[in-house]
Each structure stands twice: as C-alpha cells, then as structure tokens.
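Undergrad: Sharing a structure here in structure tokens format.
Each value in this text was obtained by applying a stated rule to the coordinates, not by laboratory testing. What you see is a predicted model, and the numbers here were worked out from it, not measured in a lab. All Cβ positions, glycine included, derive from the backbone under ideal geometry; neighbour counts span all protein chains shown.
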Amino acid sequence: MSASRLRAFGLLSAVLFLLAGCAESQFLIHTAKRVARTSDTPEGGYYKVGKPYQIEGIWYHPEENYEYDETGIASWYGAAFHGKLTANGEEYDMNALTAAHRTLPMPSFVRVTNLENGRSLVLKVNDRGPFAKGRIIDISRRGSQLLGFQNQGTARVRVQILADQSRAVAARLQNREDLARVGSPITVDKMPKASVSAEALPAPVGAEASPSVSGTATSSGSTSVQTASTDPLTPTGTIPNTTAPSETVALTTNPEAAVGHEPVKPTSIYVQAGAFGIYENANKVRARLSPLGSVFLDQVLVDGKDLYRVRVGPLADVRQADDVLSQVVGTGYPDARIIVD
C-alpha cells in the first residue's frame, strides 16, 4: 500500500473513531436527560430538604425528622395555587393528595388525622408552608374534602410522618439524581400511582348540609367564600363542595392512602408560649401572661428531663386561639404556637 493510501486510510479511521465517540457521547447525554426526567413524584419533582429560611421575621429550619408527630391546626389551599410549581419543583394539583409543611423533607409522607371527626389520610409533602401563624400544615383542596373540613376551612389535626415510606422515597430520588449527574444509563423505576375508587362515609358529627357555599382557607390563613357548582377543575366523580349526611368521598385503593377512621376523643385548644427547664422561669412567663386569661403550667417529662410548659386556655375555637396567639407573640414570645390536646 502506498504512503498516500496509508495516510488516507489513517485519516478515515480517525474520522470514524471520532464519529463513534460523538455518537456514544450523544447517547450518554440523552440517557442522562432521560434519567433526570424520570421521577418518583408527579411532574418531575426532586428531593429537597433545604437551608434555614426566614419568613416575616421568623426562622424555619428544615430537617429530616423521622420522628415528627405534632398536633395543631390545619388549613387548605386550592385554586389560587393550582398549576404553579411547588417548593420541590412539582406542579401543584389541588385535586391530588398533597400538603405543604414548613420543615419536613420534600417529598415525604405524613398521616394527617382530623381529630374532630376521626378521619385520617396519607398525604405527600411536596411544598413549603403554611406561613400563617398558628397553622402546622396546609393541605390540598382534595385532601381537605376527604378529611371533611373544606367547608369550615380549618381543622384540629394530628400530623405524623411515615418514616419508612419517607426514607424509601428519599433514597430513591437521591439515587436517581446521582445517576443523572454522572450520566449513567441506569434508570430508576417510578413509584406506582394509586388508582381511585369511591366509598360512602358518614358525615362528621355535628355536620350540616351546605349545598351552595364552601370556605377556602389559603396559605395565609384567610378564608374566602366560593360557590360549589361552578368550579371547572373539579374532576368527575369527586365529592362536591358540600357536607351532606350521605357524603361520598373518593378513596385511593392503596391502603396507606385510603381514608381511615379512628375513634373521636374530646380535644381542647391552647396557646403554648414556651417550654422551660427551670420552674421559676416558667412561672415568670405565666405571671406576665396572666392578663390574657387562664394561664397555667403543665409539667411533662421529655427525654428524662422535666419541662414546664406555659399554656393559655382552653380556648373556645380556632378564631379565639388566633387572637390569643397574636397577643402572646406581641408580648414577646415569637415561638408561641397553637396546641391541640
């Protein structure tokens, strides 16, 4: 073979090698994009805990707290946020079973129990909020319907994180993001989506029919009034915005996401100014808050240590609790919160 032919052959080989390399690179790039778009959460959300942040002078510290268990007041949010992005990049769907929380990882799963009617439901936390003082969780409109408090706007609830499920989805999503970063062709299967069926549940104790209006509690804690029959976003087969004796609600066939029912126990609402390790300090706070009404010390044992909780109450309802909370915060206790016990 002549020298010119050898040079031509070498040039052709180099070109073919480069083209092959480019094809492989393009394959890896497209694979990485495909992995990046694969998601265990609807609309491509990602796993996020986040750094401490401040809203209206109050600091919040997100963390992976797999022992979270708290009682308080829940609100719900709907049409004003429908279609907008949540804090972890999903598209908010007010007809999905989701919730907003100030500090829990996103996504994570919580069981929310309405302490007023005994209904409980598993929700996915995929957003930050509520930022209205005195609320511990903001629930999607659909969740509020299933839990039976859409009309009244708020409810006394218990919120418990589902540790195993939350850890599992965190591990899966973080693994997916690591694969996307390195351009691995390995993909991660999506979590199955629960289908929906319907079941009749009795109305909450003391509920009255409200055929034409419902209360919409927003993330700010305010409540507006809207008609129940003109909402184009309500999917066929879901419950109307009413609370009637023969109310029908949609349940997911996934046992963890189905509406459960627990015995209803009497509860009271309090405003807790703080918990103190020294009795004298707690007693000083009690004396300072005494003009607000009935203030008492509640001694509890936490992790082997005595704590003295300063509480105002019991209070008649959420509206009174909101008023008292504002006064306690204004007196100099910004970490005060509403407690249901």
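Undergrad: Quick one: which residues, 5+ away or cross-chain, put their amide H under 5 Å from the amide H of residue 91? H built at 1.01 Å from N.
TA: Placed amide hydrogens put 86 under 5 Å from residue 91.
Undergrad: With an 8 Å Cα cut-off and a minimum separation of 6 or more residues, compute the relative contact order for segment 269-340 in percent.
TA: Taking the mean separation of contacting Cα pairs over the length of segment 269-340, I get 45 percent.
Undergrad: Then there's this: Is there a pair in 51/84; 84/265; 51/124 whose C-alpha atoms are over 27 Å apart, and which pairs would that be?
TA: 84/265
Undergrad: Around residue 104, what is the net charge, scoring Lys/Arg as +1 and Asp/Glu as -1 over all other residues with Cβ under 11 Å from its Cβ?
TA: In short, 0.
Undergrad: On to the next question. Just want the ordering: 84, 48, 265, from fewest to most Cβ atoms lying within 10 Å of their own Cβ.
TA: Ordered from fewest to most neighbouring Cβ atoms within 10 Å, 84, 48, 265 come out as 265, 84, 48.
Undergrad: Out of residues 5 or more away from residue 76 or on other chains, whose amide H comes under 5 Å of its own, with H placed 1.01 Å from N in the peptide plane?
TA: When sequence neighbours closer than 5 places are left aside, the close amide H contacts are 139, 217.
Undergrad: If packing is taken as the average count of other Cβ atoms within 10 Å, what order do 119-132, 137-150 fall into, highest mean first?
TA: 137-150, 119-132
Undergrad: Collect residues whose amide H, placed 1.01 Å from N in the peptide plane, falls under 5 Å from the amide H of residue 262; neighbours closer than 5 in sequence don't count.
TA: Here 119, 120 satisfy the definition.
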